[in-house]
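Taken together, the values in this text are just the output of simple stated rules run on the coordinates, not laboratory data. A quick note: this is a predicted structure, and the numbers were derived from the prediction, not measured. Using ideal geometry, Cβ is built from the backbone for each residue, glycine included, and neighbour counts are taken over all protein chains shown.
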Amino acid sequence: MSRLRYLNPFRIRAAVRDIRRVMGDGGPRAVRLAGIEHPSGWILPSSTVTIEVEGADGRIERFCPEVPVPFPYAWAWRIARLLGVPLVRSAQPEKLRLRVPVPRR
């Protein structure tokens, strides 16, 4: 695990290139949240979020950025899963699906 995983210039450059590729052919039609992983990391917890962007031409681009999770939330999640809290135990964030259309002018 690298210390600069969030501010890595190579990752920023790749993200900008991917965004330009999606915006190139008429822009996005819809954005989908395709899943969230459980928080990982002990000191600086993070979670990988899978986002799918549907272009105006029908092409779907998938992004998997790693986003930081606030320390108290990550630890509360871990403790609740360890203790078997029913609501948290039955939650499956990997199967979360949400589609948001992009408004047009």
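For the reader, a short list of remarks on this structure follows.
- Spin-label model, Ile19/Arg104: points 7 Å from Cα along the beta carbon direction are separated by 2.4 nm.
- Taking Cα atoms only, the orientation of helix 71-83 departs from the longest principal axis of the chain by about 60 degrees.
- Take the chain and mark each of the chymotrypsin sites (Phe, Trp or Tyr not before Pro) that is in a DSSP loop with at most 15 other Cβ atoms within 10 Å; the longest unmarked stretch, sites excluded, is 43-105.
- Calculated on alpha-carbon atoms, Rg and Dmax of the stretch 9-101 in Å: 16.1, 49
- Nearest-0.05 FRET efficiency for Ala30 and Arg89, computed from C-beta distance (R0 30 Å): 0.40
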